[in-house]
Amino acid sequence: GGMAAALLLLLLMAAGPGPGRADAGRERRDALREELLLSPLPTGDVAATFQFRTRWDADLQRGSVSHYRLFPKALGRLVAALGVRELHLALTQGFWRTRYWGQPPLQAPAGAELWVWFQPTVTDVDKAWKELSNILSGIFCASLNFIDSTNTVIPTASFKPLGLANGTDHHLLRYAVLPREVVCTENLTPWKKLLPCGSKAGLAVLLKAERLFHSSYHSQAVHIRPICRDASCLAVSWELRQTLTVVFDFFSSGQGKKDWSLFKMFSRTLTDTCPLASESKVYVDISPKNKEKELLEVSPTPTSVHETIVQGEKKSYAVYDLLSPSLFNTSRSLNVQLKWKRPQDSSEMPIPTLHAQRYVGGYGLQTGEICTLIYNTHPYRAFPVILLETVPWYLRLYVHTLTIITKGKENKPSYIHYQPAQDRSRPHLLEMLIQLPANSVTKITIQFERALLKWTEYPPDPNHGFYVGSSVLSALVPSVTAMKDIDVEQSPLFTSLFPSSDGSSYFVRLYTEPLLVNLPTPDFSMPYNVICLTCTVVAVCYGSFYNLLTRTFHVEEPSRGGLAKRLANVIRKFRGVPPL
Amino acid sequence: RTSVTSRYEMRYRSTTGQEEAALAAATAREADAALYPLQDTTLGSLTMYVVPETSSLLPQGINVYVGKHRSALVRAVGSLAALQARLREVTQLMSFTASAVAAALSDRVPNGQLGPDARRNLKSSLGYEITFSLLNPDPKSHTVDWDIEGAVNRYVKPVLDKLSLVANFSVDSQILYYAVLGVTPRYDKESSSFLLSAHSLPHVINPVEARLGSSAASLYPVLNFLLYVPERSHSPLYIQDKDGAPVSTNAFHSPRWGGIMVYNVEAPASPQASLPLHVDVDMARVMEVFLAQLRLLFGLSREEVPPEFLLEGPGNEGLADWELDHLLWAHTVENIATVSTTLTSLAQLLDKIGNIVIKDDVASEVYRAVASVQRAVTKLSLGHLHAAFQASKEAVTSSERAFFDPSLLHLLYFPDDQKFAIYIPLFLPMAVPILLSLAKIVRETRLRKKEPTKMD
């Protein structure tokens, strides 16, 4: 009853007159929705997730479309020119700690991640992929041009299209991760430039680089996919989602308080709306963590309260609708604040149903072991998970050493796809479908040998180590509470990126830590040292030969003596003593 | 040192019966239309009809009428020599002038020898991208709509269809919000409007350009046409020329870049009118300005025409057939010059850096470029404009491919100073005994010179 009323209220708001509404009578073929989700994390940190969604009721692929309004022209032309079906690019700094922070709405591996589905009409997918990564690296000022055959894989099961797709021939898919990539302001600026309102109005005014990068996790992404235009799905629309997730560590950064406000996080407040947005909302996660009464208090009073089930959990959100005229009536700016009524005890941190960790084992510089631990904390349900490992060619995997152990017993994967590496041209790809029993830890180990690289193949600062990209876990996690089918156009954006399957489970994609592996690294100054040494020896020899050849011999006085005397004389001459 | 010479091949004949009939039309325009099917329509050829001095085809005071296609009507005034001089003048106008050729070669002519307009023309390229951008810096007060799709189909398409002989064109458009000019306009109390003076215009473009977005997917030069709807707090906004008078079109162009037009929104009748104001752009007015700027950027200005000449308007297609020839002549010459510069600089580079490797495919591209450029020159001297242009285009493609081949760079970077640095440990200790013995020799010779003087 309460939820229905809240929804009705929302609908009324959307239909009411508000700023930017004057063109309501005119039929627009594109629409912008923007959304900010603020969720306090169990550790006391705060995660802020921005989503900007541009939907365009036009078929980019036909080639006839060349007049852009809200959709950025640079990306639109890219999609049309290279036959892109779906594009997902994420640039991330830091690591989402699933164990402590809970399931993220959107996770991405550290560094740069790019995965693209191409149209079946594309004949040379590798060429299109290369060209695409080069153009994207130009658009986003990132080193995506380092994507080549040595870090590109073709997963068979892990990455299904998120949008409309009539065929899932995985040869049209390419996936690459650059774990070494560092994300900074020069990547944020072009990302902001793609927004119709730039960073001038709406939620995007909060995107201030100096605050966003002063955080423990920063991930910005671009997702382009085709979607159904309406329920009948006879025509295609294109959707561009720009997402940005930041985690601010107030609690651990010394202030010891878990209270926060928009101004404290972004050093800005919201003052006006983007006139182009048809929806602009701030959601604050106020669902009680424990079964007790509400501990937290948000101010000002939210426009409404939205209750929904996200990732198997019942959640309630305080909603601030920036387009509702009442919001800016009382004060000129919106500064959402959250206060804890009494200190929360952190001992009862909820543990997510699925989480994982990974590390490198072994000692010495010759062999090693990659260990992955996958936890299923569900009390009574088992579920399968797809694990994708991409390992660079210079770590030679021994597949016969692959062991999967759950609760002390060997666990046989029901599907294995392994593509061995080729030196200097292809990485290892290992995909497995593993059944995780209820309340269990599954340990996957595989041994490897470190290869010796050619001296030109070492990157700058090779003693730092070599990165191995995160492994990817995709799973349909059984839900505790039954979920209802959601209407994508009505529900908040953070619930609608991944297609929901049925009411009993939800889709989760997790990334483990990237690994840093030391390879046997030669002393790069050695050749120079050798050159120096030999040159010195040659020069000394040369010097004595030269002396021997150019010395003029005088006939000396009879007091000759033997060789010993002459030598002694030479030494005496050096010492400045008169000769014998 | 190279030079460009030109020569016209003229043939005189009397008119045929059909042409007589066509020339009997009431006005020059009708005669031009009637003559069109009778003409030789190869690119680069012109037909001129000399009409008697008393002919009523041409209006009073007009001695030359240039039609839409490749023909002109010339009134026979004065002596035969004067007529010949006039015919030559018309020919130059309709094909190329020395200044047009100089402008085509402007990148190879030292500065100062050319007028300021010479570098306005776009460089010859195999393709161009035309981008129309609507800048709306104040979406809170104005919702601006433009029917760009219709306007492109109606006004731009016919021009580009005609120009497709010259290059490939692609057209797109975008709307940019919160994109502001780089200059704050000055408020003028008298007219209660805002003014942008001519000298501040160069600073206008830069901040806008950052938002335009480069065309990452293609390598062709981009022509930008911006329609700027000023913010409510800065309207109306007018552009002033150098003398301080407002520019009637409220637009300006930037050489080799594109054009900007300021589109003022009429203030609402009642100040209480609810914001945002809805604005429908009058595309006919805008496209008129943009097409004129497009012609200017291609070097097709009709400014330097004597008063006794009457030029027929280009009609819906935006440019006349002879103007197309004009463009082709200029671009062919420019292409040939570009190829020769490219190949020369490649050769100079090879002379300078000996360890560049020229692979067989690069070499064959160079040979192909040379062959094509020779063919282009021959065809050009024969007056076969179309064939010459095609050959010059092929030559440009081949020469650029050879010049920008990535295999040239593979061994490029191994500077000599590093080699020297590596061998310093060898050279330095070896130099010590040599230098010491040199010093010794010098000392000894000095001693030997001194000793005889002491003897004296």
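The values are calculated or read from the model by the stated rules, or taken from the named source; none is laboratory data. Note that the coordinates shown come from a computational prediction; the quantities given were computed from them, not determined experimentally. Heads up, the Cβs are rebuilt from the backbone with ideal geometry, glycines too, and the neighbour counts pull from every protein chain shown.
Quick one: count up the residues across the range A:195-204 that are touching a Leu at 6+ places or on another chain (Cβ under 7 Å) and in contact (Cβ under 8 Å) with a residue 12 or more places away in the chain.
Here the count works out to 4.
Inspect all residues belonging to the range A:73-81 and state whether any of them is within 10 Å of chain B (Cβ to nearest Cβ) and touching a Phe, Trp or Tyr at 6+ places or on another chain (Cβ under 7 Å).
Checked against the condition, which is being within 10 Å of chain B (Cβ to nearest Cβ) and touching a Phe, Trp or Tyr at 6+ places or on another chain (Cβ under 7 Å), the range A:73-81 yields at least one hit.
For the range A:522-542, name all the residues that are among the hydroxyl-bearing types (Ser, Thr, Tyr) and under 26 Å from A:Gly465 (Cβ atoms).
Scanning the range A:522-542 gives A:Ser525, A:Tyr528.
If you take the residues of the range A:198-222 that are within 14 Å of chain B (Cβ to nearest Cβ) and at pLDDT below 90, which of them is surrounded by the most Cβ atoms within 10 Å (Cβ to Cβ)?
Here the residue is A:Gly202.
Restricting attention to the range A:43-72, and to residues there that are more than 9 Å from chain B (Cβ to nearest Cβ) and charged (D, E, K, R), which single residue is surrounded by the fewest Cβ atoms within 10 Å (Cβ to Cβ)?
The selected residue is A:Arg62.
Can you tell me which of B:Val339, B:Val289 is at pLDDT 85 or above, in contact with a strand residue (DSSP E or B) (Cβ under 9 Å, 6 or more places away or on another chain) and of a type in the set (A, V, I, L, M)?
When all the criteria are applied, what remains is B:Val289.
So B:Leu297 fits all but one of (1) over 16 Å from B:Val156 (Cβ atoms); (2) touching a Pro at 6+ places or on another chain (Cβ under 9 Å); what number is the exception?
Tallying (1) over 16 Å from B:Val156 (Cβ atoms); (2) touching a Pro at 6+ places or on another chain (Cβ under 9 Å), B:Leu297 fails exactly one: (1).
Please state which of the following conditions A:Val537 fails to meet, knowing it meets all the rest: (1) surrounded by 14 or more Cβ atoms within 10 Å (Cβ to Cβ); (2) among the aliphatic types (A, V, I, L, M); (3) more than 9 Å from chain B (Cβ to nearest Cβ).
Among (1) surrounded by 14 or more Cβ atoms within 10 Å (Cβ to Cβ); (2) among the aliphatic types (A, V, I, L, M); (3) more than 9 Å from chain B (Cβ to nearest Cβ), A:Val537 violates only (1).
Does the range A:175-188 include one or more residues that are under 30 Å from A:Thr123 (Cβ atoms) and among the basic types (Lys, Arg)?
No, the conditions are met nowhere in the range A:175-188.
Count, please, the residues in the range B:179-202 that happen to be in a loop (DSSP other than H, G, I, E, B) and closer than 19 Å to B:Phe252 by Cα.
Residues of the range B:179-202 in a loop (DSSP other than H, G, I, E, B): B:179-185, B:189-192, B:197.
Next, from what is left, pick out any that are closer than 19 Å to B:Phe252 by Cα: B:179-185, B:197.
Within the range B:179-202, residues that are in a loop (DSSP other than H, G, I, E, B) and closer than 19 Å to B:Phe252 by Cα number 8.
Residue by residue through the range B:203-220, note down the ones that are in a loop (DSSP other than H, G, I, E, B), more than 12 Å from chain A (Cβ to nearest Cβ) and either surrounded by fewer than 19 Cβ atoms within 10 Å (Cβ to Cβ) or modelled with pLDDT under 70 (or both).
Hit for the range B:203-220 is B:Tyr220, nothing else.
Conditions (1) over 19 Å from B:Gly315 (Cβ atoms); (2) over 34 Å from the mean Cα position of the chain (by Cα); (3) at pLDDT below 85, marked per residue:
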position: B:Thr2; (1), (2), (3): yes, no, yes
position: B:Glu9; (1), (2), (3): yes, no, yes
position: B:Glu20; (1), (2), (3): yes, yes, yes
position: B:Thr27; (1), (2), (3): no, yes, yes
position: B:Gln39; (1), (2), (3): no, no, yes
position: B:Ser55; (1), (2), (3): yes, yes, yes
position: B:Gln92; (1), (2), (3): yes, no, yes
position: B:Ser99; (1), (2), (3): yes, no, yes
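For the range B:230-288, which positions are of a type in the set (D, E, K, R), closer than 19 Å to B:Ser133 by Cα and touching a helix residue (DSSP H, G or I) at 6+ places or on another chain (Cβ under 9 Å)?
B:Arg256, B:Glu288
Please work out which residue is surrounded by the fewest Cβ atoms within 10 Å (Cβ to Cβ), limiting yourself to the range A:91-114 and to residues that are part of a strand (DSSP E or B) and touching a Ser or Thr at 6+ places or on another chain (Cβ under 6 Å). Outline the logic, then answer.
Of the range A:91-114, the ones part of a strand (DSSP E or B) are A:91-94, A:111-114.
Going one step further and asking which of them are touching a Ser or Thr at 6+ places or on another chain (Cβ under 6 Å), we end up with A:92, A:94.
Working: A:Thr92: 25, A:Gly94: 16.
Looking at the filtered set, the residue picked out is A:Gly94.
Contact list please: Cβ distance under 7 Å, first residue in the range A:19-36 and more than 10 Å from chain B (Cβ to nearest Cβ) and modelled with pLDDT of 65 or more, second residue surrounded by fewer than 15 Cβ atoms within 10 Å (Cβ to Cβ) and part of a strand (DSSP E or B), pairs at least six apart or on different chains.
none
If I ask for residues that are surrounded by fewer than 18 Cβ atoms within 10 Å (Cβ to Cβ) and among the polar types (S, T, N, Q), which ones from the range A:505-522 would you list?
A:Ser505, A:Asn518, A:Thr521
Please go through the range B:163-178 and give me each residue that is within 15 Å of the chain's Cα centre (by Cα) and either among the aliphatic types (A, V, I, L, M) or outside any strand (DSSP E or B) (or both), ordered by number.
Hits for the range B:163-178 are B:Leu163, B:Val166, B:Ala167.
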